[in-house]
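The values are calculated or read from the model by the stated rules, or taken from the named source; none is laboratory data. Since this is a predicted model, take the numbers as computed values, not measurements. With ideal geometry, Cβ positions are generated from the backbone for all residues, glycine too; neighbour counts draw on all protein chains shown. Only protein heavy atoms, including side chains, enter the accessible area calculation; ligands, DNA and RNA are left aside. Shrake-Rupley method; radii C 1.70, N 1.55, O 1.52, S 1.80 Å.
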Amino acid sequence: MSIKKDKKFDGINKDFQKMKSILYEQFETLENVILTGLDTLSKKELETFSKNETKLDQLELKMSENIIQTIGLQQPMARELRQLISYLRMLGDMERIGDQLNNILHFFMDLTPKQLPENQRESIHNMYDMSLIMVRKALDSFENENHETAIWTIQNDEVVDDMQRKLIKRMLRKSTPPGAAIEDVTNILNFGSILNSIERIADNATNIAEASIYYQNGTDLRHKDLPGSSEE
């Protein structure tokens, strides 16, 4: 690489690290909400969460512009070009993960009380934790060029889907007795929305893993089955 191209790639990677760090901070804050309820967050923590969402949007725009400039002006080689395109693909998914985390926080605001029921909390937290693990592994697979970790992430997307389906069925079966109050029905709808957002986070993690594989060996797995995969 030329010195100027090196600086461009270094700048893009530094912003990527910032974006990743903010995203993990959002995950940690929201995990506390899932475990203890929204009312346990301070006003400052809520303000920080909102500011972080804005930072994620700004970093996506900044990085997208820098990547496009680098592609247009620095004549990247084939592998460098794959890396830049993979960055672009991941940025959109990381920003959407931030949006889903923000959505979950707002769904909590509509709950009465503003916390998950004790009999559902552990199951929802397990699903949330699984989606976070998928995000971490997908991003790590890109940085460490680890093909197996990316494949693991893609394969486990169905695990989160299955958790979502089972939780929604269980909630509907246990929480909607005849003559249920409007408040109870509203809570169930919000619980479902929270689960949908967590499931979408897992989908975005899968997309990041696919972008990682594209960077590593040029294989585009979007809308395709994994090589050698079979129904189990």
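Might you let me know whether region 64-75 holds any residue that is open to solvent by 10 Å² or more (accessible area, probe 1.4 Å), hydroxyl-bearing (Ser, Thr, Tyr) and either closer than 30 Å to residue 118 by Cβ or touching a residue at least 12 places away in the same chain (Cβ under 8 Å) (or both)? Steps first, answer last, please.
Filtering region 64-75 down to residues open to solvent by 10 Å² or more (accessible area, probe 1.4 Å) leaves 64-66, 68-69, 71-75.
When the remaining residues are screened for being hydroxyl-bearing (Ser, Thr, Tyr), the result is 64.
Those still in the list that are either closer than 30 Å to residue 118 by Cβ or touching a residue at least 12 places away in the same chain (Cβ under 8 Å) (or both) too: 64.
For region 64-75, residues open to solvent by 10 Å² or more (accessible area, probe 1.4 Å), hydroxyl-bearing (Ser, Thr, Tyr) and either closer than 30 Å to residue 118 by Cβ or touching a residue at least 12 places away in the same chain (Cβ under 8 Å) (or both): present.
Specify which of the listed residues (60, 80, 45, 28) is modelled with pLDDT under 95 and among the acidic types (Asp, Glu).
Numbers: 60 fails: modelled with pLDDT under 95; 45 fails: modelled with pLDDT under 95; 28 fails: modelled with pLDDT under 95.
From the options 60, 80, 45, 28, the qualifying one is 80.
Considering only region 199-220, how many residues are assigned to a helix (DSSP H, G or I) and either over 11 Å from the mean Cα position of the chain (by Cα) or among the polar types (S, T, N, Q) (or both)? First the steps, then the outcome.
Narrowing region 199-220 to residues assigned to a helix (DSSP H, G or I): 199-217.
Applying the additional criterion that residues be either over 11 Å from the mean Cα position of the chain (by Cα) or among the polar types (S, T, N, Q) (or both) yields 204, 206-207, 209-217.
Summing the residues that are assigned to a helix (DSSP H, G or I) and either over 11 Å from the mean Cα position of the chain (by Cα) or among the polar types (S, T, N, Q) (or both) in region 199-220 gives 12.
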Open item on the list: Looking at residue 123 and the list (1) open to solvent by 30 Å² or more (accessible area, probe 1.4 Å); (2) part of a helix (DSSP H, G or I); (3) hydroxyl-bearing (Ser, Thr, Tyr); (4) farther than 16 Å from residue 195 by Cβ, which single condition is not satisfied?
Closed with: (4)
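Looking only at region 1-15, count every residue that is in a helix (DSSP H, G or I) and closer than 17 Å to residue 79 by Cβ and tell me the total. So that I can check it myself, show each step before the final result.
To start, the set of residues in region 1-15 that are in a helix (DSSP H, G or I) comprises 3-15.
Those left that are additionally closer than 17 Å to residue 79 by Cβ: 5-6, 8-10, 12-13.
Looking only at that region, the number is 7.
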Task: For residue 80: the one exception among (1) open to solvent by 20 Å² or more (accessible area, probe 1.4 Å); (2) of a type outside the set (Gly, Ala, Ser); (3) closer than 28 Å to residue 6 by Cβ; (4) in contact with a Leu (Cβ under 7 Å, 6 or more places away or on another chain) - done: (4)
Open item on the list: Every residue in region 153-177 that is modelled with pLDDT of 85 or more and open to solvent by 80 Å² or more (accessible area, probe 1.4 Å), please.
Closed with: 155, 158, 165, 166
